[in-house]
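Below: one structure, written as structure tokens.
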Amino acid sequence: MLIADMKKILIIDDEVNIALLLSKFLTRNGFDVSTASSGTSGLDLLKNGEFNLVLCDFRLEDTDGREMLRQIKTHYPKTGVIIITGYSDIKMAVELIKMGAYDYITKPLYPDEILNTITKAMETHHALVEEPANATTNISHANRKQQDLSGMVIGTSKASRELLRQIELVAPTNYSVIILGESGTGKEEAAKSIHLNSPRNNHPFVAMDCGSLTKELAASEFFGHEKGSFTGAFATKIGHFEMANGGTLFLDEVGNLSYEIQAALLRTVQERKVKRIGSTKEIDLDVRIIVATNENLQEGIQKGRFREDLYHRFNEFSIFMPPLRERGNDIMLLAEHFLKTSNLELNRNVTSFSPAVIECFTNYRWPGNIRELKNIIRRAALISEGNEITIKALPLEISNYKTPSFDYTPAGEAQQETKEPRHDLKNAALEAEYDTILKVLKEVSYNKTKAAEILNIDRKTLYNKMKAINLK
Amino acid sequence: MEPGGKGIDAGTLRTIRHDIKNQLSNINLALGQLKYEMQNASPDQQEYLEMIAASAAKIDTILKTTE
């Protein structure tokens, strides 16, 4: 399980020593590394195996990084690409990032800098590329441009029809949008479909999780920095605003930003210009901003935690994501959709839900919303033995859930019926981890930083664990 | 490039700089590996490693000031 989930990296560099040393360094940091000394052999390796990330030198004997990037992005859009180069050329860096490179590292290489960039790429890339692919495109809506909105919003309930209407309405405009809704209701998917259905869909959609930004890092994440502008600024960094230029910048959990950063954001949004930290040059911006929050920003404003002027800047249009429990029949439509995607992903053939499961799903409160439903179905598809998902495949908190007013059964009795002895130690351990992680995540409304703290593991470990048990 | 090293053109200079940076990458990465493998290095050994690292950093700085 762990080996299969270990992140696979391909290093393409004609300088054999660099390839060797990088490979040693990354292997010892837990990655599964392959190397190639030319563009052609790199592409051959890509043909034969899936890689999460490619580290590619810009200057190769048979081709160059630009061409490699183009090839990789065309044939393996899910694979992240970081270009390494000896030339510090900002124009080229911007061009490569617009072409889809995750980042651009200038030589000389420093091990810590590389590790940092790679770790971030793995996290962000996962958010940027894998999620939407799983959520929408795997089944039938592979066309990324004129994307059929119904691929994103699945459902026939009044709430989801209204949501669809609002997205259609606002997508073609240039309005900033606030997306409100509980955790797991699909805010990022909504933002993405606004982007894909806007005239900006040829330009980048850049997603940023403001919940996980430290105060120190936030400014350079937003605005970028010049190499050497502060201790630890090993390389020039392009900020997210610049990356999203021409396209859409999506800020998730925007309520978590510090007051100072909010001031800087406001200035950037008003002036439509950005300056990298340590630089005097202003760069013109044309970025549409979509923000999401599961907090009450109005309350934040009253308490002085969120700037009112910034709120009004963002709030040219607002969209409310309905919680799953209010979406009636959509629950089973979504459940069937996720069962199909899970079958494909896990190579299983589970085709239906037992009547008890359907009843359970319809009554449950779904505090984690669509994300919770998706995770539960993936888990159930994985552990189900027949081709039907039965109540046994559900976590206890769901199979034991009783509508509050009818809850006369002591919890212990209900547990007796559903809990089967599990003799496989590996499964038992995995399930126990799964349940604990999910429980803690829910308690902290899916704030991964907080969850990691409570679980007493670091954030990276949490991400790895979540991946290992297919939790997203 | 003429014999005697006079009049190096910008293109050549750029290539030289690039090649030096390549070699600096090697030095940095090899140093990282050495430090990792020499967990029990003596204080002297550690100092030599630091000296190499500092010189590599210095070369990089020199390159930058001529860019």
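The values are calculated or read from the model by the stated rules, or taken from the named source; none is laboratory data. This is a predicted model, so every value here is computed, not measured. With ideal geometry, Cβ positions are generated from the backbone for all residues, glycine too; neighbour counts draw on all protein chains shown.
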> Out of all the residues in the range A:34-52, which are assigned to a helix (DSSP H, G or I) and in contact with a Gly (Cβ under 7 Å, 6 or more places away or on another chain)?
Replying inline: none
> Which one of these is within 22 Å of B:ARG14 (Cα to Cα), touching a residue at least 12 places away in the same chain (Cβ under 8 Å) and either within 14 Å of chain B (Cβ to nearest Cβ) or among the hydroxyl-bearing types (Ser, Thr, Tyr) (or both): A:VAL16, A:VAL33?
Replying inline: A:VAL16
> Can you name the number of the only condition in (1) away from every other protein chain (no Cβ under 14 Å); (2) assigned to a helix (DSSP H, G or I); (3) farther than 25 Å from A:ILE238 by Cα that A:LEU21 fails?
Replying inline: (1)
> Name the residues in the range A:326-339 that are in a helix (DSSP H, G or I) and touching a helix residue (DSSP H, G or I) at 6+ places or on another chain (Cβ under 8 Å), would you?
Replying inline: A:GLU326, A:ASP330, A:ILE331, A:MET332, A:LEU334, A:ALA335, A:PHE338, A:LEU339
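Regarding the range A:160-175, can at least one residue be identified that is more than 29 Å from A:GLY304 (Cβ to Cβ) and in contact with a Lys or Arg (Cβ under 8 Å, 6 or more places away or on another chain)?
Yes: one or more hits.
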> Of all the strands (runs of 3 or more DSSP E) wholly in the range A:203-295, which have at least 1 residues that are touching a residue at least 12 places away in the same chain (Cβ under 8 Å) and of a type in the set (Gly, Ala, Ser)?
Replying inline: A:205-209, A:288-293
>> If A:LEU69 satisfies all but one of (1) among the hydrophobic types (A, V, I, L, M, F, W, C); (2) more than 24 Å from the chain's Cα centre (by Cα); (3) more than 14 Å from chain B (Cβ to nearest Cβ), what's the number of the condition it fails?
In response: (2)
> Does A:GLU345 qualify as being within 23 Å of the chain's Cα centre (by Cα), of a type in the set (Asp, Glu) and modelled with pLDDT of 90 or more?
Replying inline: no
> Pick from the range B:22-49 the residues that are assigned to a loop (DSSP other than H, G, I, E, B) and among the polar types (S, T, N, Q): which of them is farthest from the other protein chains (Cβ to nearest Cβ)?
Replying inline: B:SER42
> Of all the residues that make up the range A:38-59, how many are within 14 Å of chain B (Cβ to nearest Cβ) and not hydrophobic (A, V, I, L, M, F, W, C)?
Replying inline: 2
> Could you count how many residues in the range A:42-89 are buried (at least 21 other Cβ atoms within 10 Å of the Cβ), touching an Asp or Glu at 6+ places or on another chain (Cβ under 8 Å) and farther than 19 Å from A:ILE114 by Cβ?
Replying inline: 0
